[in-house]
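Below is one structure, written out as structure tokens; the observations come after it.
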Amino acid sequence: MKTPIVYSERCLLYGSWHIEGPQRVRKAQEVLREKGYEFQEPQPAAEDDLLLAHDADYVFNLKKGLVEDPDTPPYGNIFEFARLSAGAACLAAKVHGFSLMRPPGHHAGRNGAALGASTRGFCYINNIAVAVKTQNKPTLILDIDGHHGNGTQEIFMGDPKVWYVSVHRHPHYPGTGMVTEGNCVNYPLEADAGEKVYLAALEKALSHFNLKKVELVAVSSGFDTHDGDLASLGLTENTYRQIGRRIGAFGKPTFFVLEGGYRGEQNGKDIDQLLTGFEEKQPKL
Ligand SMILES: [Zn+2]
């Protein structure tokens, strides 16, 4: 069975001028509808669930629209958009689906910009962190976005139940994730490193934790690693198919949450390849 796509058209209703704009998701969902995926409508996350990942004063300020930086504007009603995106990640965790929503989340730390980064990198609420916290199971978070998920690392650093594994471009925004620290495994790669180097790094990164202890796999699914996109590592549709196969081979309940990827039609094709590879290898659970 195909992985369900969690999606609401409401995520298209803000920020049309920004690179993190509606076109990246609108086009992707068109591609996935054509390919016959089933879609499910999310509900906003409860405020108590947001507080599992974020400080109360940050959530309070976000609600009031009092958070602003050069990357991450205080759009009208941004709290509601962010809450819906977090709720979609929570639904994806429940139904083992793919949350195709914006805003993205992995740069949002406990109190905003994370680990000394200058901005929140288009992120407001850390969607995958909220979903993992609500599930409260031993979890592997695999971050395949081209940028380091500094917010996710900050939230889960030292958490004995969670392993965070990221393969990303460096030097690049946000400038973190150069070394592995405790439960946070980081593999920085040079720009346009290419599929062979990427898949070898992924394999090494995945040797750092005990799969037997993992009950849930959460994938921060960014596609800005695609050749020519914002954090290009020179990857192709075939690379995402291979990544999907590797994730499927874990044989664990798995969900996916959209992060970056700024060319909508290509995002849709890459998501299809990732999920097709995943389904090829995922045993019946
Ligand atoms: Zn990114």
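Bear in mind that the values in this text are calculations on the coordinates, not laboratory data. Computed from a predicted structure; not experimentally measured. Every residue, glycine as well, gets a Cβ built from its backbone with ideal geometry; the counts of neighbours run over all protein chains shown.
Annotations for the structure displayed:
- For region 250-263, the tally of residues that are surrounded by fewer than 24 Cβ atoms within 10 Å (Cβ to Cβ) and in contact with a Pro (Cβ under 9 Å, 6 or more places away or on another chain) stands at 1.
- Scan of region 112-163 for residues that are closer than 18 Å to Cys90 by Cα and of a type in the set (Phe, Trp, Tyr), ordered by number: Tyr124, Phe156
- The one condition in (1) within 16 Å of the ligand (Cβ to nearest atom); (2) among the aromatic types (Phe, Trp, Tyr); (3) touching a residue at least 40 places away in the same chain (Cβ under 8 Å) that Phe255 fails to fulfil: (1)
- Residue identified as in contact with a strand residue (DSSP E or B) (Cβ under 8 Å, 6 or more places away or on another chain) and either closer than 15 Å to Ser207 by Cα or in contact (Cβ under 8 Å) with a residue 40 or more places away in the chain (or both) among Gly177, Gly151, Gly182: Gly151
- Every residue from region 82-141 that is under 16 Å from Leu62 (Cβ atoms) and among the charged types (D, E, K, R): Arg83, Arg102, Arg110, Arg120
- Test for Ala114: is it of a type in the set (A, V, I, L, M, F, W, C), within 15 Å of the ligand (Cβ to nearest atom) and in contact with a helix residue (DSSP H, G or I) (Cβ under 8 Å, 6 or more places away or on another chain): yes
- Per-region count, region 150-186, residues part of a strand (DSSP E or B), within 15 Å of the ligand (Cβ to nearest atom) and touching a helix residue (DSSP H, G or I) at 6+ places or on another chain (Cβ under 9 Å): 3
- Restricted to region 225-249, and to residues there that are surrounded by 24 or more Cβ atoms within 10 Å (Cβ to Cβ) and part of a loop (DSSP other than H, G, I, E, B), the residue that is farthest from the ligand (Cβ to nearest atom) is Leu233.
- Complete set of residues in region 143-189 that are of a type in the set (S, T, N, Q) and farther than 23 Å from Leu50 by Cβ: Thr180, Asn186
- Of all the residues in region 59-88, those that are in a loop (DSSP other than H, G, I, E, B) and among the acidic types (Asp, Glu) number 2.
- Condition check for Ser207: surrounded by fewer than 20 Cβ atoms within 10 Å (Cβ to Cβ), within 16 Å of the ligand (Cβ to nearest atom), at negative phi and part of a loop (DSSP other than H, G, I, E, B): no
One line per residue, one yes/no per condition, for (1) more than 15 Å from the ligand (Cβ to nearest atom); (2) part of a loop (DSSP other than H, G, I, E, B):
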| residue | (1), (2) |
| --- | --- |
| Gly105 | no, yes |
| Thr119 | no, yes |
| Ile128 | no, no |
| Ala131 | yes, no |
| Lys137 | yes, yes |
| Leu140 | yes, no |
| His148 | no, yes |
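- Failed item, numbered, when Thr180 is tested on (1) more than 15 Å from the chain's Cα centre (by Cα); (2) among the β-branched types (Val, Ile, Thr); (3) within 30 Å of Phe39 (Cβ to Cβ): (3)
- Selection within region 126-145: residues that are touching an Asp or Glu at 6+ places or on another chain (Cβ under 6 Å) and farther than 22 Å from Asn267 by Cα. The member of this set that is surrounded by the most Cβ atoms within 10 Å (Cβ to Cβ) is Val130.
- Residue in region 258-277 that is basic (Lys, Arg), out of contact with any Asp or Glu (no Cβ under 7 Å at 6 or more places or on another chain) and in a helix (DSSP H, G or I) present: no
- Qualifying positions in region 1-58 - in a loop (DSSP other than H, G, I, E, B) and small (Gly, Ala, Ser): Ser8, Gly15, Ser16, Gly21, Gly36, Ala45, Ala46, Ala53
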